[in-house]
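Below you'll find the structure, written out as structure tokens, and then a few comments.
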Amino acid sequence: MKTAWRGWALSVLVLAAGACRGAGEHGQTIALMPKNKGNPYFASCRTGAEEAAKELKVRLLWDGPTETDPAKQNEVVEAWITRGVDAIAVSVENKEAISTVLRKARARGIKVLTWDADAEPDARDYFVNQATPRGIAETLAGHAARLLGGKGEFAVITASLTAANQNEWLRQLRAVLAERYPDMKLVDVRPSDDDRKRAFEETQTLLKVHPEVRVIMAIASPAVPGAAEAVKQSGRSDVRVTGLGLPNDARPYLKDGVLDSAVLWNTKDLGYLTVQAASAVASGTLKPGASSMPAGRLGAVKVEGDQVILGTPFTFTKDNVDQFNF
Amino acid sequence: MSVAATHRRELSVGAAYLALLAALVLFAPAFYQRANLRDVLVGAAPVLVAAVGMTLVILARQIDISIGSQFAICAVVAGTLAKAGLAMPIAAAGALATGAALGALNGVLVAGFGLPAIVVTLATMVGLRETLRWLTEGVWVRDLPPGFQWMGLGQDTGRFAIPGLALVVWAFAAWGLRHLAAGRAVYATGSDAEVARLTGVRPRRVVFGVFVAMGALTGLAALLSAIQFIDVQTGSGVGFELRVIAAVVVGGTSIAGGRGSLVGSLLGVLLLATAGPALTFLGSQAYWDRALQGLIILAAVAADAFGSATRWRARP
Amino acid sequence: MTYERGLALGLVLEIALFSLIGWNFFTAGNAGEIVRASAEIGLLALALTPVIVTGGIDLSVGSLLGLCAVVLGVTWRDAGWPMPVAAATAVAAGVVGGGLNAVLVARLGIPPLIVTLGTYSLFRGLAEGVTAGVKNYSDFPETFLFLGQGRIGVVPSQLLVLLAAAAFFWLMIHRMAAGRTLRAIGFAPDGARYAGVPVSRRLAAVYLLSGLCAGVAALLYVARLGQAKADAGTGFELMAITAVILGGTSIFGGRGSIGGTLLGLATLAVLQNGLRLADLPAELAGVVTAALLLAALGANRVLQGRLHR
């Protein structure tokens, strides 16, 4: 019993002392959230983000779900609202779901940005855009068309069937196919669930179920090496792979020739620019109506309305991939 | 009891498997290309190896849901050791040893402290995976020496050796389970630990042993899976434990312990390994895959319950 | 010192710790957020308590939540039914799902671990199949969203649902005669059967209730996020089971309490929230949860002095 009483007394004291915590800090606090943390794509964005944070002398909070749990992103944003930060920047997993809580953050005076994947426009101040879904779809379709000579069959390996980004890209891809490449046929879309082995096995099966397929398009970063390895092991030199992936994953297969091209953007710069933009919005230097913003080592970056544009999708090929390390 | 009755479970799984194969012959004969059969077997090999361990665990009336996390860690260890310049046999041994050590962790908590296996392995599953994520942030182990893929044996030998090795492991375990005292001890512990103890079996040692074996076999499974590629994904093995448990259970091993066989587990592994690609060959859409697999599991266990003369007890 | 008193003390210390190291942790607003974030898992944990007390388990509750969320979206948007009818249908879908578990476990006597392993895939698979993985439903009416985002005074609306469910389950397990029989079933199902307990009926009831709660939790979830998708509730079953075990219920059955489950739930919810507010990484929550689970098992063993089973 005595132990219990001592425990209670100690807790009350600590509570009293601790309830005071809540005062602000010097310097800005910028909170960045990836879609999920165990992902090398976001790990590379983080290095850029931390670089910018050090340059600008702001405090960077980096947190997010460890698995793709649709509800967790909301909870993290709620925690940041409670905690009090100067700006929040989210790579959105679920557009409609996150917008509710982002609006709440804005109502509390916190500056809100999205990066990598957007929320609803009225839920954020700016979207740091590396490439529009339409732009990504056009680039990918262009590569497939080049490899197929404008007609033929191809298949897609996606992330998970519910992944919002990939589903948006697929929608745009189908639209682009209908408009520009009516002689190309997308025969199937198989999920990899972000597992390289699964992408490998699905590609192996695809090659046999649809022997007329000549291009495999892998639109999730673990799927690119998985699909490429499957095509390589099958010995089907008439099949090529393209897709969306990190240059370090793509490099060996680009050199081999199995992987024709990997589309992405400079993830480090994306993280870097996001922190720069968030800090600028929070301190008021980036305001509506601006047409460009100074972004440290990136120079003057274009601003179009409420979008901060990093650039267009970049294609890694065997000739340029060695210049990159992420 | 007739042979058919004692092996009723294995026979019904076998029959289900044959039915699936027959459907493929009729509706998707393309499935039977040599390349496809080989790929299915290579893909099934890690699951078979782990299923051997899981059969032992479940026979001993335990369970291990942490093998997915163990898988990921062992794969990363194999890759890291290879990258550090160590010879492949050493990297392989490292993976197995890591698995055994992780299995021993479970074993100490369950056998040593008497804590329930399902909760212990739930805790280790979460703890291990989150720790791995924290340390690596999901970054893959890359730039491995060329001898890593296929253990340097080349693609053709590798693709033959991987299922071959899995089958050898399975065969040895099947023989041992039947003919070695240790094997009988596993069955005895699972049937009734108290009676087993009275007959001279040491249940706590048996339980510890099956968890260590499970861990080592998971390490082997991770190795067999990892050497098919040129780098190691740190987030691998998610959902692996469910695949393995489903295969063992569908194969007839009773979750109540003491009943089941490795023949059944082999059939279970083959059935589920075939079902995935079979659905694609038969033209099913990807988004119905999970529902169909759930149905297969339920059908397998329900059919057994329907046919059973005595009801399974509602709890062990 | 009983286990539950120790758990309550631990909770108080945990709150004290996070008040110290977490920003604005000890505020009414944050308390409300903790309740909001944990309401759905709380419902699942409350329903899982009687299931585990009978010596069973239900791994399918998270997947069933996802399926019910999809049913809600489909009936409301695609079929155009009025919101209350769609909501009732979603809950009914939960009951049907629970019913499937009930039939397989109570009628056919198949071990619940295996049944719910199968339905775990089946329910999620049905949700994915119906939506082709792609479809998601949003723009729900404001009155519905109030359920997940609104407040009554200072109290989040979910709290009322959670409290009502807690009261119901507490009465059922601790006050009704039927509740005591659940513990008997957990201890010795054959003995209970011989003593005249209608074991099949009781088992069926707890799994049906579990399905019902998954359906209600789906409503709260969709109202909170404003979106219904096939992946709703992923991973919730493990969190719910963790809360129940942390609360002192024995996985073997025969022993458990609603109060313990609520304390376990609170401990986990405070942990996740507190770590975030203390700028600590999310992975730490997983590691600490694992440690807490093992500690809970150990503490229970010591306090009960049970022989190794």
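We did not get these values from a lab; they are worked out from the coordinates using the rules stated. Bear in mind the structure is a predicted one, so any value in this text is a computation, not a measurement. Counting neighbours? That spans all protein chains shown, and the Cβs are built from the backbone with ideal geometry, glycine included.
Looking at the protein assembly as shown only, what percent of DSSP beta bridges run antiparallel? Nearest 5 please.
Roughly 25 percent of the beta bridges in the protein assembly as shown run antiparallel, per DSSP.
To the nearest whole number, what is the average tally of beta carbon atoms from other chains within 10 Å of the beta carbons of peptide C:48-54?
Averaged over the peptide's residues, the number is 0.
I'd like the FRET efficiency for C:Leu163 and C:Glu4, computed as 1/(1 + (r/R0)^6) with the beta carbon distance as r and R0 of 22 Å, rounded to 0.05. Spell out each step's value before the answer.
Numbers: r = 19 Å, r/R0 = 0.85.
Computed FRET efficiency for C:Leu163 and C:Glu4 comes out at 0.75.
May I ask you to sort A:Ser261, C:Ser200 by Cβ crowding, counting other Cβ atoms within 10 Å and putting the fewest first?
C:Ser200, A:Ser261
Using only DSSP helix segments of four residues or longer, with each worth -39500 (n - 2.57), what per-residue ellipticity at 222 nm results for chain C after dividing by its residue count and rounding to 500? It would help to have the intermediate numbers written out before the result.
Working: 13 runs with 218 residues, N = 309.
The helix-only estimate for chain C comes to -23500 deg cm²/dmol at 222 nm.
Roughly how many debye, to the nearest 20, is the charge dipole of chain A about its Cα centre, given +1 on each Lys and Arg Cβ, -1 on each Asp and Glu Cβ, and no other charges? Display every interim value, and only then the final one.
On the way: 41 positive and 39 negative charges, 132 e Å.
Its charge dipole is roughly 640 debye.
At a threshold of 8 angstrom on Cα-Cα distance, excluding pairs fewer than six apart, so keeping six or more, what relative contact order does region A:133-264 reach in percent?
Averaging sequence separation for qualifying contacts and normalising by length gives 26 percent for region A:133-264.
Gain in length, A:Ser283 to A:Lys57, computed as 0.36 nm per residue apart minus the alpha-carbon separation, to one decimal in nm?
80.1 nm
Work out from phi, with θ = phi - 60° and the Karplus expression 6.51 cos²θ - 1.76 cosθ + 1.60, the ³J(HN,Hα) of each residue of region B:84-94, listed in order in whole Hz, and give x for Gly and Pro.
So the J values, rounded to whole Hz, are 6, x, 6, 5, 4, x, 6, 4, 5, 4, x.
Using a ≥ b ≥ c from the Cα gyration tensor of the protein assembly as shown (square roots of the eigenvalues), is it rounded, prolate or oblate, where a/c under 1.5 gives rounded and otherwise the larger of a/b and b/c decides, a/b for prolate?
Here the protein assembly as shown falls in the oblate category.
In what sequence, highest mean first, do B:188-195, B:248-255 appear when ranked by Cβ atoms within 10 angstrom? Walk me through the intermediate numbers first.
Numbers: B:188-195: 19.1, B:248-255: 26.1.
Packing proxy ranking, top to bottom: B:248-255, B:188-195.
Dipole of chain B (Lys/Arg Cβ +1, Asp/Glu Cβ -1, origin at the Cα centre): which of B:Ala286, B:Met214, B:Gly154 lies farthest to the positive side?
B:Met214
Rounded to the nearest 0.05, what FRET efficiency is calculated for A:Asp122 and B:Leu18 with R0 set to 60 Å and r the Cβ-Cβ distance?
0.50
With contacts defined as alpha carbon pairs under 8 Å and 6 or more residues apart, what's the relative contact order of region A:196-309 in percent?
17
Calculated FRET efficiency, B:Arg178 and B:Asp143, Cβ-Cβ r, R0 45 Å, to nearest 0.05?
With a Förster radius of 45 Å, E is 0.50.
Considering only C:Val115, A:Gly226, B:Gly235, whose Cα is most displaced toward the positive end of the charge dipole of the protein assembly as shown, charges sitting on Cβ of Lys, Arg (+1) and Asp, Glu (-1)?
Final value for the positive-end residue is C:Val115.
Which whole-percent values make up P(r) of chain B when all C-alpha to C-alpha distances are grouped in 20 Å steps starting at zero?
Answer for chain B: a P(r) of 32, 58, 10 percent.
Going through the cross-link list A:Lys37/A:Lys95; A:Lys185/C:Lys135; A:Lys95/A:Lys208, which pairs have a Cα-Cα distance over 25 Å in this structure?
Working: A:Lys37/A:Lys95 18 Å; A:Lys185/C:Lys135 22 Å; A:Lys95/A:Lys208 37 Å.
Check vs 25 Å cut-off fails for A:Lys95/A:Lys208.
For A:Lys185, which sequence-distant residues (separation of 5 or more, or a different chain) have an amide H within less than 5 Å of its own amide H, given hydrogens modelled in the peptide plane?
A:Gly152, A:Glu153, A:Phe154
I'd like the Karplus ³J(HN,Hα) series for region A:304-320: coefficients 6.51, -1.76, 1.60, θ = phi - 60°, whole numbers in Hz, and an x wherever there's a Gly or Pro.
10, x, 10, 10, 9, 9, 6, x, 9, x, 10, 9, 8, 10, 5, 7, 10
Give a residue-ordered list of calculated ³J(HN,Hα) values for region C:11-25 (Karplus: 6.51 cos²θ - 1.76 cosθ + 1.60, θ = phi - 60°; whole Hz; x for Gly, Pro).
With the stated coefficients, region C:11-25 comes to 5, 4, 4, 4, 4, 4, 4, 6, 4, 6, 9, x, 6, 6, 5 Hz.
How charged is the neighbourhood of C:Ala243? Take every other residue with its Cβ under 13 Å from the Cβ of C:Ala243, and add Lys/Arg as +1 and Asp/Glu as -1.
Here the count lands on -2.
Under a 5 Å amide H to amide H cut-off, with H placed in plane at 1.01 Å, what residues pair with A:Gly243 once short-range neighbours are removed?
Residues meeting the criterion, in which the H sits 1.01 Å from N, are A:Ala218, A:Ser261, A:Val263.
Under a 5 Å amide H to amide H cut-off, with H placed in plane at 1.01 Å, what residues pair with A:Asp116 once short-range neighbours are removed?
For A:Asp116, whose amide H was placed from the backbone, the distant partners under 5 Å are A:Val128, A:Gln130.
What percent does the relative contact order of region A:70-148 come to when contacts are Cα pairs within less than 8 Å and at least six residues apart?
Computed value for region A:70-148: 25 percent relative contact order.
How big is the charge dipole of the protein assembly as shown about its Cα centre, in debye rounded to the nearest 20, if each Lys and Arg gets +1 on its Cβ and each Asp and Glu gets -1 on its Cβ?
2500
Quick check on chain A: helices-only [θ] at 222 nm, where DSSP H runs of length 4 and up contribute -39,500 (n - 2.57) each and the sum goes over total residues. Nearest 500, please.
-14500 deg cm²/dmol
Once every DSSP H run of n ≥ 4 in chain B is given -39500 (n - 2.57) and the sum is divided by its residues, what mean residue ellipticity at 222 nm do you get, rounded to the nearest 500 deg cm²/dmol? The partial results should precede the final answer.
Details: 13 runs with 223 residues, N = 316.
Computed ellipticity for chain B at 222 nm equals -23500 deg cm²/dmol.
Ranking C:Thr119, C:Thr267, A:Thr315 by Cβ neighbours within 10 Å, fewest first, what do you get?
Least crowded to most crowded, the residues run A:Thr315, C:Thr267, C:Thr119.
Placing +1 at every Lys and Arg Cβ and -1 at every Asp and Glu Cβ, with all other atoms neutral, what dipole size does region A:41-131 have around its Cα centre, in debye to the nearest 20?
420
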